[in-house]
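Asker: One structure, as structure tokens, below. Some questions next.
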Amino acid sequence: MKVLAGMTLEEITNFVLEMKASKFRAKQIHNWIYTKSVSSIDEMTDLAKSFREELKQVAVVTDSKIKIKQKSSDGTLKYLIEYPDGNCVETVLMRFDNRANLTACVSSQVGCAVNCSFCATGKRGFIRNLTYKEIIEQVLTIQRDTGLKITNIVFMGQGEPLLNLNNVLKALEIFNNDFQIGARRITISTSGIVPKINELAEHKLQSTLAISLHAPTHEKRRKFMPIENKYPLSELKPALLNYVEKTGRRITIEYILIKDFNSDIETAKELAYLLKDLKCNINLIPYNDVNSTGYKKPSNNEIMKFKYLLEHSGKKVTVRLERGADIDAACGQLSGKANKK
Ligand code: SAH
Ligand code: SF4
């Protein structure tokens, strides 16, 4: 069975031509998949009934399903999606009352090998990469279920996107061409896989690259991000400078604030110094609770002081709004629990 979701217009065209149908059918099917977000071939009502029957013999819209859906008191929706092999990932829809944007937070892998000590995903280890179709499927699932059109995408769900770069790049292409979501509305977040950042720089994408920095020195960063031993800041920093030079784009620096660990004034100064010559914005993320890490978020007062100091160094600094914490949908809380069979 062919799975239509995730196929490009060209692929659908080749497929319908093989079925000896006219090329125009491909446009119609494409529109049903990406714009009208239907779940079944029966809903494609401008296709002749006989053609729909023929199509149903060889294709389905999707082969994945929603296993659990949860709604947060702030409107955030979290879906646990199950793929045919039984593996599950989470995907989150965030809406902000004051903006028209609808942002999908997508996963790029089942589990993650990077194993940052503050993250629920890392705790489960790496299971497998998602195919580009499985990445696309997450956004289509939200669109089908809500009837809404996603406007922004962040690769901030489970997994390290740069360790699955080929599928992520192919998904980006489909988000651009088939969903008509502009590259500038897409953000890829990475823990800092240096060779892949260099590779990505050569693609000169207009998407935003976000770096999970979380600490300004080697000594501190390696305490909670094992990736720092493999790709230390001394290599990451030049890669970021190169990325900005090649793409002209401003990088986003993500920085989790953990009480009594990386949120004091001295550390803020070290961070300001590290980022002095880098074209970047800073996004502070007060630590979200994950079972048994022992970490806590700092007080609002401490957060504001940290922010003020960075702003004083000339950077634009935002504090990330916590979304969906009551359903474990906030940053770092996605564990894909149903995988634990
Ligand atoms: N693997 C990629 C994509 C995940 S993005 C990456 O690490 O960048 C999710 C963001 O949430 C990352 O910046 C991650 O470091 C952060 N995060 C992880 N655990 C968190 C927690 N418990 N509280 C707040 N942010 C967390
Ligand atoms: Fe993996 Fe990102 Fe979680 Fe680190 S924060 S374990 S890189 S998903």
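Asker: What is the one condition in (1) within 12 Å of ligand 1 (Cβ to nearest atom); (2) closer than 30 Å to Lys170 by Cβ; (3) of a type in the set (A, V, I, L, M, F, W, C) that Leu241 does not satisfy?
Answerer: Exception for Leu241: condition (1).
Asker: Residues that are open to solvent by 40 Å² or more (accessible area, probe 1.4 Å), out of contact with any Phe, Trp or Tyr (no Cβ under 8 Å at 6 or more places or on another chain) and more than 16 Å from ligand 2 (Cβ to nearest atom): does region 323-331 have at least one?
Answerer: As a first pass, look at region 323-331 and keep what is open to solvent by 40 Å² or more (accessible area, probe 1.4 Å): 326, 328, 331.
Subset that is out of contact with any Phe, Trp or Tyr (no Cβ under 8 Å at 6 or more places or on another chain): 326, 328, 331.
Next cut, more than 16 Å from ligand 2 (Cβ to nearest atom) only: 326.
Scanning region 323-331 turns up at least one residue that is open to solvent by 40 Å² or more (accessible area, probe 1.4 Å), out of contact with any Phe, Trp or Tyr (no Cβ under 8 Å at 6 or more places or on another chain) and more than 16 Å from ligand 2 (Cβ to nearest atom).
Asker: State whether one or more residues within region 102-113 are open to solvent by 50 Å² or more (accessible area, probe 1.4 Å), closer than 28 Å to Phe224 by Cα and hydrophobic (A, V, I, L, M, F, W, C).
Answerer: Within region 102-113, the first condition is being open to solvent by 50 Å² or more (accessible area, probe 1.4 Å), and the residues that meet it are 113.
Still in the running and closer than 28 Å to Phe224 by Cα: 113.
Going one step further and asking which of them are hydrophobic (A, V, I, L, M, F, W, C), we end up with 113.
Yes, region 102-113 has at least one match.
Asker: Return yes when Thr318 is assigned to a strand (DSSP E or B) and surrounded by fewer than 16 Cβ atoms within 10 Å (Cβ to Cβ) and no when it is not. Steps first, please.
Answerer: Values: assigned to a strand (DSSP E or B): yes; surrounded by fewer than 16 Cβ atoms within 10 Å (Cβ to Cβ): yes.
In short, yes.
Asker: Any residue in region 119-147 that's closer than 14 Å to Leu334 by Cα and within 16 Å of ligand 2 (Cβ to nearest atom): show its pairings with residues that are part of a helix (DSSP H, G or I) and open to solvent by 10 Å² or more (accessible area, probe 1.4 Å) at Cβ separation under 8 Å, as long as the two are six or more apart or on different chains.
Answerer: Correct list of pairs: Arg124/Asn339.
Asker: Which pairs do you get when a residue that is at pLDDT 95 or above, found in region 209-220, comes within reach of a residue that is within 11 Å of ligand 2 (Cβ to nearest atom) and outside any loop (DSSP other than H, G, I, E, B), reach meaning Cβ atoms under 6 angstrom, with the pair 6+ apart or on two chains?
Answerer: Final answer for the pair search is Ala210/Ser189; Ala210/Glu254; Ser212/Glu254; His214/Ile256.
Asker: Provide a single number: the residues in region 203-231 that are under 21 Å from Phe261 (Cα atoms) and either open to solvent by 20 Å² or more (accessible area, probe 1.4 Å) or within 14 Å of ligand 2 (Cβ to nearest atom) (or both). Before the answer, list the steps.
Answerer: Residues of region 203-231 under 21 Å from Phe261 (Cα atoms): 211-229.
Among the residues that remain, those that are also either open to solvent by 20 Å² or more (accessible area, probe 1.4 Å) or within 14 Å of ligand 2 (Cβ to nearest atom) (or both) are: 211-215, 217-229.
The number of residues fulfilling the criteria is 18.
Asker: Pick from Pro161, Pro195: which is within 16 Å of ligand 2 (Cβ to nearest atom) and open to solvent by less than 30 Å² (accessible area, probe 1.4 Å)?
Answerer: Details: Pro195 fails: open to solvent by less than 30 Å² (accessible area, probe 1.4 Å).
Only one candidate qualifies: Pro161.
Asker: State yes or no: is Lys78 at pLDDT 95 or above, open to solvent by less than 30 Å² (accessible area, probe 1.4 Å), of a type in the set (Lys, Arg) and touching a helix residue (DSSP H, G or I) at 6+ places or on another chain (Cβ under 6 Å)? Please lay out each step first, then the result.
Answerer: Values: at pLDDT 95 or above: yes; open to solvent by less than 30 Å² (accessible area, probe 1.4 Å): yes; of a type in the set (Lys, Arg): yes; touching a helix residue (DSSP H, G or I) at 6+ places or on another chain (Cβ under 6 Å): yes.
Answer is yes for this residue.
Asker: Does region 233-260 hold any residues that are open to solvent by less than 20 Å² (accessible area, probe 1.4 Å) and more than 22 Å from the chain's Cα centre (by Cα), and which are they?
Answerer: Leu233, Ile258
Asker: Same structure again: Please determine, by comparing only the residues of region 277-294 that are within 22 Å of Ser189 (Cα to Cα) and open to solvent by 50 Å² or more (accessible area, probe 1.4 Å), which one is nearest to ligand 1 (Cβ to nearest atom).
Answerer: Step by step, filter region 277-294, then rank; the result is Asp289.
Asker: Moving on. Tell me, which helices (runs of 4 or more DSSP H) lie completely within region 145-255 with 2 or more residues that are within 27 Å of Lys71 (Cα to Cα)? Walk me through how you get there before you give the answer.
Answerer: Values: elements: 165-177, 194-203, 218-224, 227-230, 233-247.
Passing ranges, in order: 165-177.
Asker: Being hydrophobic (A, V, I, L, M, F, W, C), closer than 19 Å to Ala325 by Cβ and within 16 Å of the chain's Cα centre (by Cα) is the filter; apply it to region 107-132 and report the residue that is modelled with the highest pLDDT.
Answerer: Taking region 107-132 as the starting set, the residues that turn out to be hydrophobic (A, V, I, L, M, F, W, C) are 110, 112-114, 116, 118-120, 126-127, 130.
With closer than 19 Å to Ala325 by Cβ added as a condition, the list becomes 116, 118-120.
Among the residues that remain, those that are also within 16 Å of the chain's Cα centre (by Cα) are: 119-120.
On the way: Cys119: 91, Ala120: 86.
In this case the residue turns out to be Cys119.
Asker: Could I ask something else about it? List, please: which pairs have Cβ atoms under 6 Å, are six or more places apart or on different chains, and start with a residue in region 46-64 that is in contact (Cβ under 8 Å) with a residue 24 or more places away in the chain and end with one that is small (Gly, Ala, Ser) and open to solvent by 60 Å² or more (accessible area, probe 1.4 Å)?
Answerer: Qualifying pairs under 6 Å: Val61/Ser39.
The values are calculated or read from the model by the stated rules, or taken from the named source; none is laboratory data. Nothing here was measured: the structure is a model prediction, and the numbers come from that model. A quick note on method: Cβ atoms are made from the backbone with ideal geometry, for glycine too, and the neighbour counts reach across all protein chains shown. We work out accessible area using only protein heavy atoms, side chains counted, and drop any ligands, DNA or RNA first. Shrake-Rupley method; radii C 1.70, N 1.55, O 1.52, S 1.80 Å.
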